[in-house]
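Below: the structure, in structure tokens.
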Amino acid sequence: MPEHDYILETRRLVKEFKGFVAVDDVNLRVRRGQIHALIGPNGAGKTTVFNLLTKFLIPSAGQILFNGQDITTEKPAQVARRGIVRSFQISATFPNLTVLDNVRVGLQRALGTSFHFWKPASSLDALNARALELLDTVGLREFAGYVTVELPYGRKRALEIATTLATGPELMLLDEPTQGMGHEDVERVTQLIRKVSANRTVLMVEHNMNVVADIADTISVLQRGQVIAEGPYEVVSRNPQVLEAYMGSATEELRGAHGH
């Protein structure tokens, strides 16, 4: 497969913290246009990998390539400008702004302009139209006028995806998008991720096996900072090393995810 079919690659990525190796020789290849899931038991290094990719941490060794360009030494803002955007846990939204205003802030960031309070209101109409379109995409149009803090939990996560989409990401990184959600919200957010992945690449860290089984094209399993298995769900879920890593109840979860 030609190199350019991979939007993101890590080569022998290592991160050590005072003698503890959190990420140990990780070679990830994320294929353009796919939903790629990073799974593994707690402490496996998933969040550290995300922090390395978004440049919140500097690797101890190895390389990170995005669209074939070495971005290993770039700063978080440079990487974001290239189109790698991470949806943070709920804190990404401004709780006291309306839902619509949160998306507008995201759009303004994407335009690289700070908000000009002295501009005529008409210049904001174009932003409003695009913001409403994004709210439509994530099923939040009817909540546009709500103050964000009043939104139910699952809808807050949908808003967070909308504000991430507002920045026009080429590669969207999702941190535990369904964490702490009830069944109905999980279902809604899963469908939403499938929908927004239509013309972009998604890399997600996710605990819920049903979600991963349902939408991930490729799954990388991390354990103790190393990739122990990779491939589609059918392959990964049968891997003895993976089943062992997930010992006990989670093993049932792995095996059962597609039987529902």
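Among the listed residues A22, A80, which satisfies the condition of being in a helix (DSSP H, G or I) and aliphatic (A, V, I, L, M)?
Numbers: A22 fails: in a helix (DSSP H, G or I).
Step by step, each of A22, A80 is checked, and only A80 is in a helix (DSSP H, G or I) and aliphatic (A, V, I, L, M).
Across region 35-77, what is the total count of residues that are in a loop (DSSP other than H, G, I, E, B), among the small types (G, A, S) and open to solvent by 40 Å² or more (accessible area, probe 1.4 Å)?
Step one: of region 35-77, the residues in a loop (DSSP other than H, G, I, E, B) are 40-45, 54-60, 67-68, 71-75.
Among the residues that remain, those that are also among the small types (G, A, S) are: 40, 43-45, 60, 68.
Remaining after also requiring open to solvent by 40 Å² or more (accessible area, probe 1.4 Å): 43, 60, 68.
Adding up the residues that qualify gives 3.
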Would you pick out the residues in region 202-214 that are under 14 Å from the mean Cα position of the chain (by Cα) and open to solvent by less than 10 Å² (accessible area, probe 1.4 Å)?
V202, L203, M204, V205, E206, V211, V212
Contact list, first residue from region 10-24 and more than 14 Å from S220 (Cβ to Cβ) and at pLDDT 95 or above, second anywhere and surrounded by 14 or more Cβ atoms within 10 Å (Cβ to Cβ) and among the charged types (D, E, K, R), beta-carbon distance below 8 Å, six or more apart or interchain, is R12/D25; V14/D24; V14/D25; V21/K15; A22/K15; A22/E16
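The values are calculated or read from the model by the stated rules, or taken from the named source; none is laboratory data. Remember, predicted model here, so these are calculated numbers, not experimental data. Cβ sites come from the backbone with ideal geometry, for glycine too, and all protein chains shown count toward neighbours. Side chains are part of the model used for accessible areas, which takes the heavy atoms of the whole protein and leaves out ligands, DNA and RNA. Shrake-Rupley method; radii C 1.70, N 1.55, O 1.52, S 1.80 Å.
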